[in-house]
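The values are calculated or read from the model by the stated rules, or taken from the named source; none is laboratory data. Keep in mind that what you see is a predicted model, and the values were worked out from it rather than measured. Reconstructed Cβ throughout: ideal geometry from the backbone, glycine too, with neighbour counts over all protein chains shown.
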């Protein structure tokens, strides 16, 4: 008892320690600072965007010069610093916005600029750990099997040596097994039982296989653009509704049109992982020249042909607005942790059973919606209680989804 | 006696023919070359494929194909590159616009989804089935897809250059612009530019169905060549001589006004007399209908005028004269005659009754018809004489619609330059040098001034599908005007007149403040006639069918399959003839074993015009010794769906005397209703206004069942557990049989909304028509149950006589769709629970669950369930637009396209209900009455169909349910429908 308490206390202390330090770590995250403030005009590489690429900038200029420039470049230029004036002559009329960071923030930012991340290594190592975990399980199982087999043979040899010491007939393992098998098969009842069990197992397997026809959970097709939700929704924290804006209003969530991409990618020409290769595909669609930063006149635009992942059959009517706006369901409930997905896959089964299950359990938020006011009163009288599921307001009726 | 008999197989065997002997010995005449095949050891041993291998391959490929079928196909999701600001995928946009094709006019709202027009809704006024169907014509791949020169494709630039050069070269000859009535003020001004640009340009207008009589009469009487505006709701008495004003006569918005004056609840209903030849939609709605021959109209109108001035009336007119005299200033007399003198008499009668400026007003004229047929006749003469050098046509098809089209076609050869702007390579266009195809209405800019002081605007709702160009833009190009395009011209035209363009375009229409027209004083100078026609001649009366009108939209499968409200036949025109005249000529209609209707064939002849092999439809209500024929059919060049259907009746004209000759053979009709009387049942409950005023529930006796508790009304007797219909919504539809005029606009609206396929004539003959909503039409019979009791007629005789409609029957229309029974016979029998009941009082049909036993259809007492026999959307045998890529664009994306092998039926437009509910939930608001509308109720111009939530105490439908006139169809079955009817009230004398 005492021991257990001891460990519990340690655990609490440890987690408190982590909680206490987490914000500290976050505050000095140079990468986050860079991404939220600088990427609109600067790349971490060598490309020129609105401003110059920042590769090797910490070697080129000293720390104080950089801080002075970032704080307020225009005043710095007016002060007559020769390098600053030279830069201004090259880049005007683009004016860099002043950023008044704290000293810690400057430290973090400059540290980040000094050691920009090498992405490939990270993803590769993630893969390695994945494989490692899986092989661990198999080894354990193999070891167990070996140990058990060894145990059986040891027991057998013990039994045999005991029997031989009593001058009884001894049997090898194979002979025992064969005899047992003969005994078993000579009995019809045993055979029938075995047949029945086999049938049940096969039927179950077959039934499950049939149920799985057309179920495409984990469907993860390769998309025409290597677009990462992890970077956009996860790391950069862009709201789902920013791109999938019609989810709130319409039955479809809407794949964003290329002009929505261009809201940011007019400036961000360089991707975190893929460089310019994938972003160029957007420019090819809309007709944009990232070097001159101008749209090409009379360009024959071609839409981006995404592969649809979530395919409901034609016979089922699904409306995003009903679930997102009225029901207040989080996107992740059905689409899974999209913010962690580099390449999106189908998270939910999207079967009718899956829909129905949710409709049986989900309670309808009736307060603060005048549409439900009268119905709510009626339901209270009909069923008693205060909370009602989707099923209770008719959410399982056929023609709610099939028409 | 055991003699062995020998039988010979043939005479040759008896004669021991050597060949026969050899044959009988040798069963296989030629030996199979087995040895040769197996003997070829070398080939066999070299072959890599053994029989077993072959079977393995076969098995493997079958398995592979099966597995491949399990694989889901890759679907693409293609977003816009630049999303238009106003489009949210999945949300419909509505645009106010105008439909005008030279014949039909309507101010409409166009529903678009992702930039595609998919449905027409009315913008305040009544329209008709053709306006509803025009959205399908937009996606007709049979439209011209590029400009033509002598039938071959050319580009616009070459066409413009060549046309302009040829126009400039003309020195002496006339240049004629031949168009339909032009409603557009801006187009008229635009044409003036063209007229000024070239030498001797003249603009001639003509209507496919001429209105010269009434126009010329009003010109003479009042100095204005227009149709007066009618105010039917202000009348007590309406007397129409042949004018089918609820159908196709004049403007097509009289119906709402007409029904507005016939509300039994207010205690006031106009009394409507119809004196006509064919049984028209208007005649079917009349309180009293009198059959006359076309040639009698002038005499009867003269007699009526004389009788109003004191002389004695024809006995058929006695009650009319009495009613009219009592209601001066509160009546309307009108006629469809195309004879100026007859129309002058009509004017004189209305003048005598002081109706002008009370119930009809010439100072508020209607400009829908402006054509001048006389001008067309003189044009043909000029063309024959070679005086015309160029002819440009717009919105007209004279080679088809003109009575003397053959002369026109011949004279066309004398014209140097001929240009058509038709959307189709039609009968006229194919004869022209150039075709500069016009946009469809829904792709065009435009305006229309159909009435005094009122203008509606037309705006495009989709980019042009084909390489076509709007007529007005062609004129701008040919007149070498300094304009960007017609749109900027149009915008400037109205902005200069002080119209707020954006607001006007949003509303779709606006009013002008023109000064009223002051007509000149009317003095009657027409001639009265007392010339009764000879009774023995057979006369002809042409009419435009409710489905096709003048035939401009003949290639529209929705319209071709639209059952005529009166005959209930589709995909045809035919001769209508009265039962007794048919007997005189030995003409018959009969049903074959599967119920389909067949009819006799005739040849008809009038002077040197004749038509052969015409089918005969026996039509109760048709005047004796007359025949009726619908124009608009017999198109030779209009596209795959409409070509070769029916015959062209345009060569005849009204009141031609004809001879009929019965010929051998029979004709197969596609008739959607096979029984024409109610057989003494009260399917449509009826009463008269007088009875209704005494007792509002008259004619609507509620059925009572004898139970152990005594007599109880049906809604108190049930064995079933009842659905809880008090919680939430309870959607109900009320159908007022007094207001329903049977126009069928709702039928096409339903077809457009719910992706209902067209099945074609052969399938309709097999009763496989797919319409979810039908309008039953019943004729009254001379025999009634009361009469049978009185005259001691046996039941069998009574029923066989009941089958025969009267010679001049009363007609009732009854829209029937799924009644959404709350104790539904269909739901009980479905073995797979594919049809179930909703908590909102709807009978739901789940197609993906249906296995097609059709048990439900058998058990449905209303016969509203339709079985989907074929994959109509993917079937080349059903070539009715739905199977091609253009035609598919009209499909409603919110409604599933049903596969074959399932039952389908009216869903009460559940997609609309769900949409309105979602909208309310999003806004956190209650659903307001009338917000939710079904496709049928939304377009009903007479307010006969009222949809709403019965649990909303203030809704109109809740009040109508409590009305004394409300009744359930087939009440005795006690199936408790959510659809109910209101008794028909007639204002009989």
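If residue B:468 satisfies every condition in (1) under 32 Å from the mean Cα position of the chain (by Cα); (2) surrounded by fewer than 21 Cβ atoms within 10 Å (Cβ to Cβ); (3) assigned to a loop (DSSP other than H, G, I, E, B) but one, which is the exception?
The single condition residue B:468 does not satisfy is (2).
Quick one: would you say residue A:287 is surrounded by fewer than 19 Cβ atoms within 10 Å (Cβ to Cβ) and at the interface with chain B (Cβ under 10 Å from one of its Cβ atoms)? Let's see the steps before the verdict.
Details: surrounded by fewer than 19 Cβ atoms within 10 Å (Cβ to Cβ): yes; at the interface with chain B (Cβ under 10 Å from one of its Cβ atoms): yes.
Taking the combined requirement at face value, the residue satisfies it.
Consider the stretch A:26-37. How many of its residues are surrounded by 16 or more Cβ atoms within 10 Å (Cβ to Cβ) and either at pLDDT 80 or above or not in a loop (DSSP other than H, G, I, E, B) (or both)?
Of the residues in the stretch A:26-37, 7 are surrounded by 16 or more Cβ atoms within 10 Å (Cβ to Cβ) and either at pLDDT 80 or above or not in a loop (DSSP other than H, G, I, E, B) (or both).
In the stretch B:804-846, what residues are farther than 22 Å from residue B:774 by Cβ, outside any loop (DSSP other than H, G, I, E, B) and within 11 Å of another protein chain (Cβ to nearest Cβ)?
The answer is B:836, B:837.
Given the structure, is residue A:255 more than 10 Å from chain B (Cβ to nearest Cβ) and either buried (at least 17 other Cβ atoms within 10 Å of the Cβ) or farther than 24 Å from residue A:335 by Cβ (or both)?
Working: more than 10 Å from chain B (Cβ to nearest Cβ): no; either buried (at least 17 other Cβ atoms within 10 Å of the Cβ) or farther than 24 Å from residue A:335 by Cβ (or both): yes.
No.
With respect to residue B:669, determine if the residue is closer than 30 Å to residue B:806 by Cα and more than 14 Å from chain A (Cβ to nearest Cβ). Can you show your working first?
Numbers: closer than 30 Å to residue B:806 by Cα: yes; more than 14 Å from chain A (Cβ to nearest Cβ): yes.
Against the criterion (closer than 30 Å to residue B:806 by Cα and more than 14 Å from chain A (Cβ to nearest Cβ)), residue B:669 qualifies.
The conditions are (1) touching a helix residue (DSSP H, G or I) at 6+ places or on another chain (Cβ under 7 Å); (2) outside any strand (DSSP E or B); (3) crowded, with 21+ Cβ neighbours inside 10 Å, and residue B:764 fails exactly one of them. Which is it?
Every condition holds for residue B:764 apart from (1).
Quick check on residue B:907: is it in contact (Cβ under 8 Å) with a residue 24 or more places away in the chain, touching a helix residue (DSSP H, G or I) at 6+ places or on another chain (Cβ under 9 Å), outside any helix (DSSP H, G or I) and under 25 Å from residue A:378 (Cβ atoms)?
Details: in contact (Cβ under 8 Å) with a residue 24 or more places away in the chain: yes; touching a helix residue (DSSP H, G or I) at 6+ places or on another chain (Cβ under 9 Å): yes; outside any helix (DSSP H, G or I): yes; under 25 Å from residue A:378 (Cβ atoms): yes.
Considered against the rule, which asks whether it is in contact (Cβ under 8 Å) with a residue 24 or more places away in the chain, touching a helix residue (DSSP H, G or I) at 6+ places or on another chain (Cβ under 9 Å), outside any helix (DSSP H, G or I) and under 25 Å from residue A:378 (Cβ atoms), residue B:907 comes out as yes.
Considering only residues that are within 25 Å of residue B:370 (Cβ to Cβ) and part of a loop (DSSP other than H, G, I, E, B), look in the stretch B:83-106 and name the one that is nearest to the other protein chains (Cβ to nearest Cβ). Break it down into steps so the answer makes sense when it comes.
Step one: list which residues in the stretch B:83-106 are within 25 Å of residue B:370 (Cβ to Cβ), which gives B:96-106.
With part of a loop (DSSP other than H, G, I, E, B) added as a condition, the list becomes B:101-104.
Numbers: B:101: 33, B:102: 38, B:103: 36, B:104: 31 Å.
Taking the candidates together, the pick is B:104.
Residue A:228 - would you say it is surrounded by 15 or more Cβ atoms within 10 Å (Cβ to Cβ), in contact (Cβ under 8 Å) with a residue 40 or more places away in the chain and more than 18 Å from the chain's Cα centre (by Cα)? Walk me through how you get there before you give the answer.
Values: surrounded by 15 or more Cβ atoms within 10 Å (Cβ to Cβ): yes; in contact (Cβ under 8 Å) with a residue 40 or more places away in the chain: yes; more than 18 Å from the chain's Cα centre (by Cα): no.
No: the conditions fail for residue A:228.
Taking residue B:677 as meeting all but one of (1) surrounded by 15 or more Cβ atoms within 10 Å (Cβ to Cβ); (2) over 25 Å from the mean Cα position of the chain (by Cα); (3) in contact (Cβ under 8 Å) with a residue 24 or more places away in the chain, write down the number of the exception.
Of everything listed in (1) surrounded by 15 or more Cβ atoms within 10 Å (Cβ to Cβ); (2) over 25 Å from the mean Cα position of the chain (by Cα); (3) in contact (Cβ under 8 Å) with a residue 24 or more places away in the chain, residue B:677 misses just condition (2).
Please work out if residue B:497 is surrounded by fewer than 20 Cβ atoms within 10 Å (Cβ to Cβ) and assigned to a loop (DSSP other than H, G, I, E, B). Before you say what the answer is, go through the steps one by one.
Working: surrounded by fewer than 20 Cβ atoms within 10 Å (Cβ to Cβ): yes; assigned to a loop (DSSP other than H, G, I, E, B): yes.
Judged against the criteria, residue B:497 is a match.
Select from the stretch B:847-887 the residues that are assigned to a loop (DSSP other than H, G, I, E, B), under 25 Å from the mean Cα position of the chain (by Cα) and within 14 Å of another protein chain (Cβ to nearest Cβ) and list them in ascending order. Steps first, answer last, please.
Going through the stretch B:847-887, the residues assigned to a loop (DSSP other than H, G, I, E, B) turn out to be B:850-854, B:860-865, B:868-871, B:875-886.
This time we only want the ones that are under 25 Å from the mean Cα position of the chain (by Cα), so: B:862-865, B:868-871, B:875-886.
Matches in the stretch B:847-887: B:868, B:871.
So, of the residues in the stretch A:367-376 that are farther than 16 Å from residue B:839 by Cβ and surrounded by 11 or more Cβ atoms within 10 Å (Cβ to Cβ), which turns out to be farthest from the other protein chains (Cβ to nearest Cβ)?
Among those residues, the one meeting the criterion is A:373.
From the list A:364, A:324, A:344, A:338, which residue is within 11 Å of another protein chain (Cβ to nearest Cβ) and closer than 25 Å to residue A:217 by Cα? Steps first, please.
On the way: A:364 fails: closer than 25 Å to residue A:217 by Cα; A:344 fails: within 11 Å of another protein chain (Cβ to nearest Cβ); A:338 fails: within 11 Å of another protein chain (Cβ to nearest Cβ).
Criteria check complete, one pass: A:324.
Looking at (1) buried (at least 16 other Cβ atoms within 10 Å of the Cβ); (2) within 14 Å of chain A (Cβ to nearest Cβ), which is the only condition residue B:980 fails?
(2)
For residue A:350, are the conditions met, namely being surrounded by fewer than 19 Cβ atoms within 10 Å (Cβ to Cβ), part of a loop (DSSP other than H, G, I, E, B) and within 14 Å of chain B (Cβ to nearest Cβ)?
Values: surrounded by fewer than 19 Cβ atoms within 10 Å (Cβ to Cβ): no; part of a loop (DSSP other than H, G, I, E, B): yes; within 14 Å of chain B (Cβ to nearest Cβ): yes.
It is false that residue A:350 is surrounded by fewer than 19 Cβ atoms within 10 Å (Cβ to Cβ), part of a loop (DSSP other than H, G, I, E, B) and within 14 Å of chain B (Cβ to nearest Cβ).
Which pairs have Cβ atoms under 7 Å, sit 6 or more apart or on different chains, and link a residue in the stretch B:817-837 that is at positive phi and touching a residue at least 60 places away in the same chain (Cβ under 8 Å) to one that is assigned to a loop (DSSP other than H, G, I, E, B) and buried (at least 18 other Cβ atoms within 10 Å of the Cβ)?
Hits for this filter: B:820/B:841; B:820/B:842; B:820/B:908; B:820/B:977; B:820/B:978.
Any residue at all in the stretch B:922-929 that's more than 13 Å from chain A (Cβ to nearest Cβ), surrounded by fewer than 20 Cβ atoms within 10 Å (Cβ to Cβ) and assigned to a helix (DSSP H, G or I)?
The first filter runs over the stretch B:922-929 and keeps only residues more than 13 Å from chain A (Cβ to nearest Cβ), leaving B:929.
Add one more test, that the residue is surrounded by fewer than 20 Cβ atoms within 10 Å (Cβ to Cβ), and what stays is B:929.
When the remaining residues are screened for being assigned to a helix (DSSP H, G or I), the result is none.
No, the stretch B:922-929 contains no residue that is more than 13 Å from chain A (Cβ to nearest Cβ), surrounded by fewer than 20 Cβ atoms within 10 Å (Cβ to Cβ) and assigned to a helix (DSSP H, G or I).
Out of A:177, A:166, which single residue is modelled with pLDDT under 95, more than 30 Å from residue A:32 (Cβ to Cβ), more than 14 Å from every other protein chain (Cβ to nearest Cβ) and surrounded by 11 or more Cβ atoms within 10 Å (Cβ to Cβ)? First the steps, then the outcome.
Details: A:166 fails: surrounded by 11 or more Cβ atoms within 10 Å (Cβ to Cβ).
Just a single option satisfies the conditions, and that option is A:177.
Only one of A:45, A:51 is within 32 Å of the chain's Cα centre (by Cα), surrounded by 11 or more Cβ atoms within 10 Å (Cβ to Cβ) and either in contact (Cβ under 8 Å) with a residue 40 or more places away in the chain or more than 18 Å from residue A:272 (Cβ to Cβ) (or both). Can you tell me which? Before the answer, list the steps.
Working: A:51 fails: within 32 Å of the chain's Cα centre (by Cα).
Only one candidate passes the filter, namely A:45.
Output the residue which, of all residues in the stretch B:717-728 that are facing chain A (nearest Cβ under 9 Å) and out of contact with any helix residue (DSSP H, G or I) (no Cβ under 6 Å at 6 or more places or on another chain), is nearest to residue B:825 (Cα to Cα). Reasoning before the result, please.
If we filter the stretch B:717-728 for residues that are facing chain A (nearest Cβ under 9 Å), which is where we start, we get B:724, B:726-728.
If we keep only those that are out of contact with any helix residue (DSSP H, G or I) (no Cβ under 6 Å at 6 or more places or on another chain) as well, we get B:724, B:726.
Values: B:724: 18, B:726: 21 Å.
The qualifying residue nearest to residue B:825 (Cα to Cα) is B:724.
Please work out which residue is nearest to the chain's Cα centre (by Cα), limiting yourself to the stretch A:290-317 and to residues that are within 11 Å of another protein chain (Cβ to nearest Cβ) and over 21 Å from residue B:73 (Cβ atoms). So that I can check it myself, show each step before the final result.
Looking only at the stretch A:290-317, we keep the residues that are within 11 Å of another protein chain (Cβ to nearest Cβ), and these are A:295, A:299-317.
Those still in the list that are over 21 Å from residue B:73 (Cβ atoms) too: A:295, A:299-302.
Numbers: A:295: 33, A:299: 36, A:300: 35, A:301: 31, A:302: 29 Å.
If we take residues in the stretch A:290-317 being within 11 Å of another protein chain (Cβ to nearest Cβ) and over 21 Å from residue B:73 (Cβ atoms), then A:302 is nearest to the chain's Cα centre (by Cα).
Would you confirm, using the coordinates I've provided, whether residue A:68 is free of Cβ contacts under 8 Å to residues at least 40 places away in the same chain and surrounded by 12 or more Cβ atoms within 10 Å (Cβ to Cβ)?
Details: free of Cβ contacts under 8 Å to residues at least 40 places away in the same chain: yes; surrounded by 12 or more Cβ atoms within 10 Å (Cβ to Cβ): yes.
Taking the combined requirement at face value, the residue satisfies it.
Take residue B:906 and tell me if it is within 29 Å of the chain's Cα centre (by Cα), on the phi < 0 side of the Ramachandran plot and within 13 Å of another protein chain (Cβ to nearest Cβ). Reasoning before the result, please.
On the way: within 29 Å of the chain's Cα centre (by Cα): yes; on the phi < 0 side of the Ramachandran plot: yes; within 13 Å of another protein chain (Cβ to nearest Cβ): yes.
When the stated conditions are applied, residue B:906 passes them.
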